There are 2 protein chains.
Amino acid sequence: MDNFARRRADVELGAESLTPIRTLDERLAAWREVTGRDIGFRELDVAKDYDELCELLQALRPEAVVHFAEQRAAPYSMKSSWHKRYTVDNNVNATNNLLAAIVETGVDCHVVHLGTMGVYGYGTAGTKIPEGYLSVRMDGADGTEIEQEILHPTNPGSIYHLTKTQDQLLFAFYNKNDEIRVTDLHQGIVWGTQTAETKLDDRLINRFDYDGDYGTVLNRFLMQAAIGHPLTVHGTGGQTRAFIHIQDTVRCIRLALENPPQRGERVRIFNQMTEVHRLRDLAGIVQELTGAEIEYVGNPRKEAFENELAVDNQRLLDLGLSPTTLADDLMREVAEIAERFKHRCDRSKIPARSRWVREAEPDMRAERTGRTQAAPAPAGLGSRGHDG
Amino acid sequence: MDNFARRRADVELGAESLTPIRTLDERLAAWREVTGRDIGFRELDVAKDYDELCELLQALRPEAVVHFAEQRAAPYSMKSSWHKRYTVDNNVNATNNLLAAIVETGVDCHVVHLGTMGVYGYGTAGTKIPEGYLSVRMDGADGTEIEQEILHPTNPGSIYHLTKTQDQLLFAFYNKNDEIRVTDLHQGIVWGTQTAETKLDDRLINRFDYDGDYGTVLNRFLMQAAIGHPLTVHGTGGQTRAFIHIQDTVRCIRLALENPPQRGERVRIFNQMTEVHRLRDLAGIVQELTGAEIEYVGNPRKEAFENELAVDNQRLLDLGLSPTTLADDLMREVAEIAERFKHRCDRSKIPARSRWVREAEPDMRAERTGRTQAAPAPAGLGSRGHDG
């Protein structure tokens, strides 16, 4: 099921995937041609078409539902009041509709949801991020001390991330009240564009977003290198983030599907990431690979300038995930795709123009935040303005 | 601003306030007549009419907004998929619209929101409930231990309560990102019906809900006593809950308004309650006052059968709240109102018919849950079925 919201956002933003992504009909036909297998499809808005969603669940009685029906970009969610309101309305209602529909139809299906590592916020505490739950001590009503496992505290950095923290509460409630089985995959920043399946045919190629709203950092760097644009590092580049290659994303979803929770088991939360990098180091790696320049530009986000990050991803490793890392050759593959389609790039779409705080200038200061000491502001900072 | 959702729910449920609540126009006119003062009013749906909300904020530039624009009953929120979806959609969008509108208009107003003690869940942990925040220890990314204040973990018992936990996340985000000043009043179960203001004129009388969806427990007991109906205790009556008289609710809102947070201050969270009672003890108090019988009926909710509860309400006491308790004479006043309007009671609306779990029989077991030992099931349990 899809409502083509992402394609409509392209129209709204006047942006396009760097890769020439085909219509869904063409992609489904190509898949049939190449593999002899069918993928079913229904155009449907999960956040709105509740009755149709129930009918489909009732008719298909699926073993699992992979729930990606959410607006998925932090900068897009912060562009304006409309975008904030759309993101909250769409994401929270989509998740609640799905869960209510599963209860109403009585279908015993496993929900695999794409969350985000960003629910935890970055750098505000410098904590090691465990998988979903945290054991804390509280004062008991009777004066004794009580140890309890709680959902790990969140500190979302945008309206988009916020909606995923609201989703968590929905999952926890329906899991407790109705024993709905859920795996929530808190994903890092995805890079890469091809998977084993999409490589089968050119018509199956995935999106490659490079614009300031939907493009993710490593793909943006590789595309920028391909067109001779400096690598745009926001702020000091001291932000440390978790990453995962798109092929591993697919593997993780498969691992989650093959290992469903038992009825009555609490929500499973996996950290779906394979490695951690500081953004300026990442720019350095791409520079080494491609010879591109690096440019430090203003940071439109309100976030810690520098942070440490350590993430536990043991549960997916235990299920058999064998991480693809930047050290593997796949970064070169992405660079080749960027090179192949660079004629499709609209340079005016590269700057990240969505501001976290209204009317404010992008913040160029490097200052002490949280537990980390900011690096000195790089020389030439801001010389080209925020849009690089 | 009001969209009259509560009056429409009466129509939907075929229920009415025990007291003859007047139209808003009549109430506003009565207020003007009695006090010589005007209360402005605009019919508006905060969850939908975003542009009009912005225009009003822009025109009025209020110092504060008291935000009650939410579906407020747990049983109503659990009646069906429609009610779950309506409650989530209405409550989350109302709160997000208000916050987005404040950011968009740049009006520096204090938001006073009615939360609920129910965000914490009852009896699952037996913890003492502090005011909003909890200090916890986490592992640091660098191997050290970090102490951090987090929003107190939640464990909502219904979709309604869940939406208030989602609201908390919205407040925390807009407070962090946009420095919106918020006081969140986590209220206990309200009892009573009159305040100093509504007593000024019969036409100003407040609602008195006694139906299974919107009626609150102590008011229901007093009304049941007035009509010679047994006091309906759900389950074992071992549930311990926090209470507040409606007059104190008004005082607390006033105290919150008179003591706004500073710009940049984190969300203030007060526990708006004055005393704690176990439900079967409460029934005992009403029995003593009125001579009514007590009947133990099935519990439609999924909750702990027995729980301890201790709540910190020091911050409102420090601001000057002088609690009205059951020991005061106000319980008699409520009994008198119930007596005066008992001819308006529709006995068929008394049973709580909204089930937490689909198709399930109301749970009559008394079992060990959480940290508390259940009392033995009272004799005659269930002899009249769940609707008493």
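Derivation of every value follows stated rules applied to the coordinates shown; laboratory data play no part. Keep in mind that this is a model prediction, so the values were computed, not measured. Positions of Cβ are backbone-derived with ideal geometry, glycine not excepted, and every protein chain shown enters the neighbour counts.
What do you get for GluC sites (Glu not before Pro) in the range A:281-364 restricted to DSSP loop and a cutoff of at most 11 other Cβ within 10 Å of the site's Cβ?
Details: sites: A:288, A:293, A:295, A:303, A:306, A:308, A:333, A:336, A:339, A:359; in loops: A:293, A:303, A:308, A:359.
Within the range A:281-364, the qualifying GluC sites (Glu not before Pro) (loop, at most 11 other Cβ atoms within 10 Å) are A:359.
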Do any trypsin sites (Lys or Arg not before Pro) in the range B:156-265 lie in a loop, going by DSSP, with at most 11 other beta-carbon atoms within 10 Å of their beta carbon, and if so which?
B:263
Provide Rg and Dmax in Å for the range A:248-297, with only Cα atoms included in the calculation.
18.2, 54
Given C-alpha coordinates of the protein assembly as shown, what is the ratio Rg to Rh with the Kirkwood estimate of Rh?
0.99
Have a look at B:221, B:94, B:34 and report the one farthest towards the positive end of the charge dipole of the range B:5-349, computed about the Cα centre with Cβ charges (Lys/Arg +1, Asp/Glu -1).
B:221
Which of B:173, B:337, B:273, positive extreme of dipole for the protein assembly as shown (C-beta unit charges)
B:337
Post the alpha-carbon centroid distance, the range B:14-56 to the range A:1-53, in whole angstrom.
46 Å
Please give the contour-minus-distance gain from residue A:302 to residue A:250: 0.36 nm per residue of separation, less the Cα-Cα distance, rounded to one decimal in nm.
15.7 nm
Between exposed chymotrypsin sites (Phe, Trp or Tyr not before Pro) in chain A, where DSSP calls loop and at most 15 other Cβ atoms lie within 10 Å, what's the longest gap?
A:69-388
How do B:165, A:144 line up, fewest other C-beta atoms within 10 Å first?
A:144, B:165
Only Cα pairs within less than 10 Å get springs; with that Gaussian network setup on chain B, which residue of B:307, B:206, B:259 has the largest fluctuation?
B:259
10 Å Cβ neighbours from other chains, averaged over peptide A:166-173:
6
Would you kindly calculate the mean projected area, averaged across all directions, of the convex hull enclosing the Cα atoms of the range B:5-349, in square nanometres?
18.6 nm²
What is the distance, in nm, between label points placed 7 Å from the Cα along the Cα-to-Cβ direction at residue B:227 and at residue B:312?
4.3 nm
Per the helix-only model, chain A has a calculated mean residue ellipticity at 222 nm (DSSP H runs of ≥4, -39500 (n - 2.57) each, divided over all residues, rounded to the nearest 500) of -10500 deg cm²/dmol
Per the Kirkwood definition applied to all pairs of different Cα atoms, how many angstroms is the hydrodynamic radius of the range B:137-294?
18.7 Å
What number do you get for the range A:302-348 when its Cα radius of gyration is normalised by 2.2 N^0.38 Å, N = residues?
1.79
Which one, A:143, A:121, A:215, has the greatest fluctuation when you compute a Gaussian network model over chain A with C-alpha springs under 10 angstrom?
A:143
Debye sum, Cα scatterers, the range B:21-153, no solvent: what log₁₀ I/I(0) at q = 0.10 1/Å?
-0.55
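Calculate the dipole size of the range A:5-349 relative to its Cα centre from +1 charges on Lys and Arg beta carbons and -1 charges on Asp and Glu beta carbons; express the result in debye to the nearest 20.
Dipole of the range A:5-349, to the nearest 20 debye: 700 debye.
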In whole percent, what relative contact order does the range B:238-362 give with Cα contacts below 8 Å and a gap of six or more residues?
38 percent
For a quick check, take a GNM of chain B with Cα springs below 10 Å and name the residue from B:119, B:103, B:190 with the largest mean-square fluctuation.
B:103
Which of A:196, A:121, A:144 sits farthest toward the positive end of the charge dipole of chain A, with +1 on the Cβ of Lys and Arg and -1 on the Cβ of Asp and Glu?
A:121
Which cross-chain or sequence-distant (5 or more) residues have an amide H under 5 Å from the amide H of residue A:115, H modelled 1.01 Å from N in plane?
A:185, A:186, A:187
Quick one: of B:302/B:342; A:199/A:349; A:176/A:302; B:164/B:302; A:48/B:48, which pairs are farther than 24 Å apart, Cα to Cα?
B:302/B:342; A:199/A:349; A:176/A:302
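May I ask you to derive the relative contact order of chain A, considering only C-alpha pairs under 8 Å and at least 6 residues apart, and to give it as an integer percent? Intermediate values should be presented prior to the final figure.
Values: 749 pairs, mean separation 80.1, N = 388.
Relative contact order of chain A: 21 percent.
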Sorted from shortest, what are the nm distances separating the label point of residue A:258 from equivalent points in the other copies, each placed 7 Å from Cα along Cα to C-beta?
6.6
Using the Cα centre of the range A:48-182 as the reference point, and only Cβ charges (+1 on K/R, -1 on D/E), how large is the resulting charge dipole? Debye, rounded to the nearest 20.
760 debye
Within the range A:27-72, trypsin sites (Lys or Arg not before Pro) in DSSP loop having at most 15 other beta-carbon neighbours inside 10 Å
A:37, A:42, A:48
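Give me Rg over Rh for the range B:1-73, both radii from the alpha carbons and Rh done the Kirkwood way, two decimal places.
1.00
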Under a Cβ-only charge scheme (Lys and Arg +1, Asp and Glu -1), can you give me the dipole magnitude of the range B:176-278 about the Cα centre, in debye to the nearest 20?
240 debye
Between residue B:266 and residue A:35, how many nm apart are label points set 7 Å from Cα along the C-beta direction?
4.7 nm
Please report B:343, A:152 as a ranked list, fewest other C-beta atoms within 10 angstrom at the top and most at the bottom.
B:343, A:152
For the range A:120-164, build the convex hull from the C-alpha positions and give me its volume per residue in Å³.
94 Å³
